[in-house]
1. Can you tell me how many residues within the stretch 178-193 are in a loop (DSSP other than H, G, I, E, B) and more than 17 Å from residue 69 (Cβ to Cβ)?
2. Of the conditions (1) surrounded by 14 or more Cβ atoms within 10 Å (Cβ to Cβ); (2) not in a helix (DSSP H, G or I), residue 109 satisfies every one except a single condition; which number is it?
3. Can you tell me which residue is surrounded by the most Cβ atoms within 10 Å (Cβ to Cβ) among those in the stretch 18-56 that are free of Cβ contacts under 8 Å to residues at least 60 places away in the same chain and either under 25 Å from residue 123 (Cβ atoms) or in contact with a strand residue (DSSP E or B) (Cβ under 6 Å, 6 or more places away or on another chain) (or both)?
4. Just checking, does the stretch 120-133 include any residue being farther than 23 Å from residue 68 by Cβ and either over 19 Å from the mean Cα position of the chain (by Cα) or in a helix (DSSP H, G or I) (or both)?
5. I'm checking my understanding of the structure. Among residues of the stretch 178-193 that are in contact (Cβ under 8 Å) with a residue 40 or more places away in the chain and under 20 Å from the mean Cα position of the chain (by Cα), which one is farthest from residue 129 (Cα to Cα)?
6. Applying the selection to the stretch 127-169, what residues are touching a residue at least 40 places away in the same chain (Cβ under 8 Å), under 20 Å from residue 184 (Cα atoms) and exposed (fewer than 15 other Cβ atoms within 10 Å of the Cβ)?
7. Going through 94, 117 one at a time, which residue ends up being closer than 12 Å to residue 47 by Cα, surrounded by 14 or more Cβ atoms within 10 Å (Cβ to Cβ) and in contact (Cβ under 8 Å) with a residue 12 or more places away in the chain?
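The values are calculated or read from the model by the stated rules, or taken from the named source; none is laboratory data. Bear in mind that the values here come from a model prediction, so they are computed numbers and not experimental data. Here Cβ is always computed from backbone atoms with ideal geometry, including for glycine, and neighbour counts include all displayed protein chains.
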């Protein structure tokens with residue numbers, strides 16, 4: 001690529017294609033889509049995802065601190081508010097449907113995969129700028145939307161009452177989440193357009209590392225690792 005190349009989020013994915021496909025098409029996701037995922041694996045994932053959401057909220061608080069424009073500050077505020085005021089409550093309610101109480105969630109020890117991923121995101125945000133932080137979060141913010149779309153492209157996917165995980169799929173295929181995914185991709189595209197090739201390679205490293213940690217998070221759920 002030349003120095004006047006205009007990078008986009010798709011270039012990050014292309015640079016990390018092997019890891020990205022391993023994440024989007026992970027066996028945890030495939031088993032969930034086919035209604036084959038063991039109940040214990042999904043429950044373990046749900047519990048750790050509650051802890052992840054708490055750190056996700058902290059990342060948006062950090063994004064607010066890192067923001068240099070009112071627009072970015074508002075975006076960070078809305079993300080933090082959505083997690084604290086809405087998503088965590090919905091997650092607690094959903095966990096309750098799976099036999100997991102709020103008291104159990106609050107007493108959970110963090111799995112090593114949870115610690116590794118969340119601390120990597122926060123450390124990236126602390127040592128880098130706002131773009132570094134968004135790129136570290138992109139495998140979650142954008143990736144889950146792509147996971148839902150991949151699930152719906154598969155001929156073996158089971159939907160409706162025959163799949164106990166149908167509500168999870170529905171959450172990430174929803175217009176609300178897909179719109180948020182597109183908005184985040186557009187935000188990253190706008191910022192990538194002005195970076196140098198050397199800076200892009202730094203961001204590729206961040207994106208690849210975060211994607212690898214997402215893979216570990218799926219594996220943690222599938223194998224019920226502590």
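1. Keep residues of the stretch 178-193 that are in a loop (DSSP other than H, G, I, E, B), which gives 193.
Filter again for more than 17 Å from residue 69 (Cβ to Cβ), leaving none.
Of the residues in that region, 0 qualify.
2. Here residue 109 meets the rest and fails (1).
3. Applying the filter and picking the extreme gives 50.
4. Just the residues of the stretch 120-133 that are farther than 23 Å from residue 68 by Cβ, to begin with: 120.
Right, trim to either over 19 Å from the mean Cα position of the chain (by Cα) or in a helix (DSSP H, G or I) (or both) and you get 120.
Scanning the stretch 120-133, I find at least one residue that is farther than 23 Å from residue 68 by Cβ and either over 19 Å from the mean Cα position of the chain (by Cα) or in a helix (DSSP H, G or I) (or both), so the answer is yes.
5. Within the stretch 178-193, the first condition is being in contact (Cβ under 8 Å) with a residue 40 or more places away in the chain, and the residues that meet it are 181, 184-185, 187-189, 191-193.
Imposing the further condition that a residue be under 20 Å from the mean Cα position of the chain (by Cα) reduces the set to 181, 184-185, 187-189, 191-192.
Values: 181: 21, 184: 16, 185: 17, 187: 14, 188: 13, 189: 16, 191: 12, 192: 13 Å.
In this case the residue turns out to be 181.
6. Matches in the stretch 127-169: 129 only.
7. On the way: 117 fails: closer than 12 Å to residue 47 by Cα.
So the residue among 94, 117 that is closer than 12 Å to residue 47 by Cα, surrounded by 14 or more Cβ atoms within 10 Å (Cβ to Cβ) and in contact (Cβ under 8 Å) with a residue 12 or more places away in the chain is 94.
Condition check ((1) under 14 Å from the mean Cα position of the chain (by Cα); (2) within 26 Å of residue 75 (Cβ to Cβ); (3) part of a helix (DSSP H, G or I)) across all residues:
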position: 157; (1), (2), (3): no, no, no
position: 164; (1), (2), (3): no, no, no
position: 176; (1), (2), (3): no, yes, yes
position: 195; (1), (2), (3): no, yes, no
position: 204; (1), (2), (3): no, yes, yes
position: 209; (1), (2), (3): yes, yes, yes
position: 213; (1), (2), (3): yes, yes, yes
position: 216; (1), (2), (3): yes, no, yes
position: 221; (1), (2), (3): no, no, yes
